[in-house]
Amino acid sequence: MAKLPLTIATWDYDRVRPLMDGQVQVEGCEVNYLPLAPEECFHRAYFEREFEVAEIGFSPYLIALSRGTSPYLAIPVFLSRMFRHSAIYVRTDRGIRAPADLKGKSVGVPEYQMSAVLWVRGMLADDHGVRPADLRWRQGGLEQPGRKDKFPLNLPPGFPLEPIGPGETLSQLLREGHLDAVMSARAPSCYGDGSAPVARLFEDFESAEREYFKRSGIFPIMHAVGIRNDVHERHPWLAASLYKAFAAAKRIAQGDLFEVTALKIGLPWIASAAQSTRALMGEDFWPYGVESNRKTLEAMTRYSFEQGLAVRRPEIAELFAPGTLEQTRV
C-alpha cells in the first residue's frame, strides 16, 4: 500500500531533527521536510496554504479558530515555548524601572496579536496590574517596514493602537526616542549596539522567569503544529501518527541534553543546565499533550479573549485534532 506523501514545514529545532534525518518515521507517510524560519513558514502556511503540516503561531491560531477561519487544525505538539520577560526593551532615559512605569508609555509591537506579546501582556496584567489599555501601542515591522497582523482584531472602540508610518520601523523609532519601549520576540538592533540608551526591563530575566514558573506553573506556548483542514478530513488517522512521531523525536533531543560521555550540544555546561531545569520544571520539562499543558492553555485562551484577539474563548477540547486529545503519553 502506497504511503501518504506529506510535506512538513517547521524551523530547524533539535526536537524535530530526528524526523528530518529519518531517525523517526511518521507512520503511513512519505515525508518531505522543509526547514523554514518561523516568519516565512507562518506566512506561507496561513496565506498560501502550501503545506499539509506546518508550524503555526498559537496566538494567531486561537484568533482564527474563534472566528471559524483557521486553515489548520492543531495537534498538541508545542515546538516553540519561551518565557517572555526578556522581550521587553525600554529606553533607560524615560524613567522606566519597573513594570508599573510602562503605564502611559508609547510601546511598539511587530504584531499586536503575536504569541510573544500576548504572554507579555498577560504577565504584566496578572502580576503587575498593568492592563493593555494602560499603554499606547504602535504596530509595525521591527527592522523592515510594512508588517501587519494576520487576522482582524477584536479590540474595543478607541483602544490605543495605531500603525507606525509606512517607511518606519520599531527599532528606528526606539533608537530615535519616538517610542518609549518595544515588545518583541527578537531583540531590536538598537539594543546593545551603543546607538541609544536601550536595555531590557528585566535584564536578569532568567531569575524573573524561574520565579514566575515556580509561582504559576505556566510555561508559555508560542508555536504548535497544524494539519491543514482538508488533509485532516481525508486522513483523520494522520493526527495520531504525527503526534507519536513528534513526541518520539523530542525524547531523542532531550536525551542528548544529558549526554556527558561526549557532549552532543556545543555548550560546556549543557548537562548541568538541563539538570537544573529538570529540578525546577519536572522530568518532562517541555511537555506535549493536553493535560500536562492545561494550566498554560487555560491562561492563553483567557488572555486571547481578554486582550481583544479571539472573538470568544475557545474550549481546550476544540483546539486540537480529536485523535490527539487522549494520546498525551506515548
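Taken together, the values in this text are just the output of simple stated rules run on the coordinates, not laboratory data. Quick caveat, the model's predicted, so the values are computed rather than measured. So basically every Cβ, Gly included, is an ideal-geometry build from the backbone, and we count neighbours across all protein chains shown.
Taking 0.36 nm per residue of sequence separation and removing the Cα-Cα distance, the Ala208/Ala2 pair yields an extension gain of 69.0 nm.
Comparing mean-square fluctuations of Asn229, Asn32, Asn154 from a GNM of the chain with C-alpha springs under 10 Å, the top value falls on Asn32. Listed values for the stretch 81-91 are Karplus-derived 3J(HN,Hα) couplings in whole Hz (6.51 cos²θ - 1.76 cosθ + 1.60, θ = phi - 60°), namely 9, 6, 5, 10, 4, 6, 8, 10, 10, 10, 6, and x replaces Gly and Pro.
Computed over the stretch 1-123, the quotient of the alpha carbon radius of gyration and 2.2 N^0.38 Å is 1.35.
Only helical runs count toward this figure. For the chain, summing -39,500 (n - 2.57) over DSSP H runs of n ≥ 4 and dividing by all residues gives -9500 deg cm²/dmol at 222 nm.
Select from Ser66, Val16, Gly129 the residue farthest towards the positive end of the dipole of the stretch 1-145; place +1 on Cβ of Lys and Arg, -1 on Cβ of Asp and Glu, and compute about the Cα centre. Value: Gly129. Histogrammed with a bin width of 10 Å, the alpha carbon distances of the stretch 187-330 distribute as 9, 27, 32, 24, 8, 1 percent, first bin at zero. Going by a ≥ b ≥ c, the root eigenvalues of the Cα gyration tensor, does the stretch 273-330 fall in the rounded group (a/c under 1.5), the prolate group (a/b larger than b/c) or the oblate group? Here the stretch 273-330 falls in the oblate category.
For the peptides 93-106, 33-46, residues were scored by their other Cβ atoms within 10 Å and the scores averaged per peptide; the highest-first order is 33-46, 93-106. Residues whose amide H lies under 5 Å from that of Val24, counting only those 5 or more places away or on a different chain, are Leu19; hydrogens are built 1.01 Å from N in the peptide plane.
Taking all Cα pairs closer than 8 Å and separated by 6 or more residues, the relative contact order of the stretch 18-175 comes to 18 percent. Pairwise Cα separations in the stretch 176-224 fall into 5 Å bins from 0 onward with the following percentages, short to long: 4, 15, 21, 21, 16, 12, 9, 2.
With the highest mean first, a sort of the peptides 257-269, 57-69 on other beta-carbon atoms found within 10 angstrom per residue produces 57-69, 257-269.
Of the peptides 202-211, 218-227, the ranking by mean beta-carbon count within 10 Å, highest at the top, reads 218-227, 202-211. A value for Kirkwood radius over Cα pairs in Å was derived from the coordinates, and within the list (i) 20.8; (ii) 24.4; (iii) 22.6 it appears as (i).
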